[in-house]
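Q: Take a look at the following structure, please.
The values are calculated or read from the model by the stated rules, or taken from the named source; none is laboratory data. Here the structure is a predicted model, which means the values were calculated and not measured. Cβ sites come from the backbone with ideal geometry, for glycine too, and all protein chains shown count toward neighbours.
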Ligand SMILES: [Zn+2]
């Protein structure tokens, strides 16, 4: 049951607050610049599966016309309001000076020591809130729009290296220096200066051109082999830890290293650091999409579990085992079962795609006319044959149950 338990199993939080949506903007931001957050969210939104994409559009207020990135800086704009002051520590993590490491239990707290009040805790918390989205439609205690916006923003922040910085210099905020000719500080260099200089020097100040370049790098370029490892995440608690660790390590090696208060940073610093900034924006966006896709994938199963199995996974498994004892069922089969049932959708396109993909990978692959197939082929292909028979049967039952079944939702448990 790893799929159901792992990624999401370890979520528990000391802080979940009741929120209301208020969308007004005020200036003054201390995090990835507007440009950085916008690109992170645009990357994520382009990678959403249909279900997550639909859910996100429904959660957004109408006036942004489905554009998540339009509100990804919102958490920076409201963090000093009285009502939202509690969110202020959620944008960063202070780690011990020069330790170049992050430990959740040691570092994730606010200045009063309240646990989970840091950007890593915030990502977990708002992921958890989104997971409750449809788990009982009456459960509207948390404002899901705000949860979405906070999560989207904090996925950007946790990837900004200097947001996991040293305590004494406030993540580089108190290291004053010059960026080329004007006054700045080390934190701001990473939040915004590098992005703005890149835009001015290479992209005619057009963010969409820069975004295209970043996208090219992960679809068909320097990072395209790394994307699947970026998306790997079985346990959200462990994932936020490793993302924060990546940040503090970049902060140490490329942010702080050799930089002194009062000096001027220019071309050398810019050229060597820009690739890291762009990569972190890409990683933030790709991983945000990964979370949102999983939230709305999981959501189907939760709904089915809540509706038909009293939220007890073991009941669901027993139900399946009782009826299909001659095939070893795996979790993907259960997922198939629910995906098809929950939405009353006959996903024939998906079923045909599954077939051609198995045909390519396991049918045709390496087979030539005239040759002999024996044990090897048999042993490795047999499970697919059995699985496809089971899937066919289960889906046929689902269709017949929907056609003839008494249940309004068209779902009949196989008891
Ligand atoms: Zn922020």
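Q: Given the condition more than 16 Å from the ligand (Cβ to nearest atom) and modelled with pLDDT of 95 or more, answer yes or no: does some residue in segment 30-38 qualify?
A: Of all residues in segment 30-38, those more than 16 Å from the ligand (Cβ to nearest atom) come to none.
Within segment 30-38 (the criterion being more than 16 Å from the ligand (Cβ to nearest atom) and modelled with pLDDT of 95 or more), the answer is no, since none of the residues qualifies.
Q: Another one. Does segment 154-175 contain any residue that is within 16 Å of the ligand (Cβ to nearest atom) and free of Cβ contacts under 8 Å to residues at least 60 places away in the same chain? Give the derivation first.
A: Of all residues in segment 154-175, those within 16 Å of the ligand (Cβ to nearest atom) come to 154-165, 170-173.
With the extra rule that they be free of Cβ contacts under 8 Å to residues at least 60 places away in the same chain, the set shrinks to none.
Checking segment 154-175: not a single residue is within 16 Å of the ligand (Cβ to nearest atom) and free of Cβ contacts under 8 Å to residues at least 60 places away in the same chain.
Q: Which condition number does residue 186 fail, the rest of (1) modelled with pLDDT of 95 or more; (2) buried (at least 24 other Cβ atoms within 10 Å of the Cβ); (3) within 16 Å of the ligand (Cβ to nearest atom) being met?
A: (3)
Q: Among the residues of segment 68-107 satisfying the criterion of being surrounded by 19 or more Cβ atoms within 10 Å (Cβ to Cβ), within 16 Å of the ligand (Cβ to nearest atom) and not in a helix (DSSP H, G or I), which is nearest to the chain's Cα centre (by Cα)?
A: 72
Q: Kindly indicate whether any position in segment 261-274 is within 24 Å of residue 46 (Cα to Cα) and either surrounded by fewer than 17 Cβ atoms within 10 Å (Cβ to Cβ) or touching a helix residue (DSSP H, G or I) at 6+ places or on another chain (Cβ under 6 Å) (or both).
A: Initial filter on segment 261-274 (within 24 Å of residue 46 (Cα to Cα)): 274.
If we keep only those that are either surrounded by fewer than 17 Cβ atoms within 10 Å (Cβ to Cβ) or touching a helix residue (DSSP H, G or I) at 6+ places or on another chain (Cβ under 6 Å) (or both) too, we end up with 274.
Yes: one or more hits.
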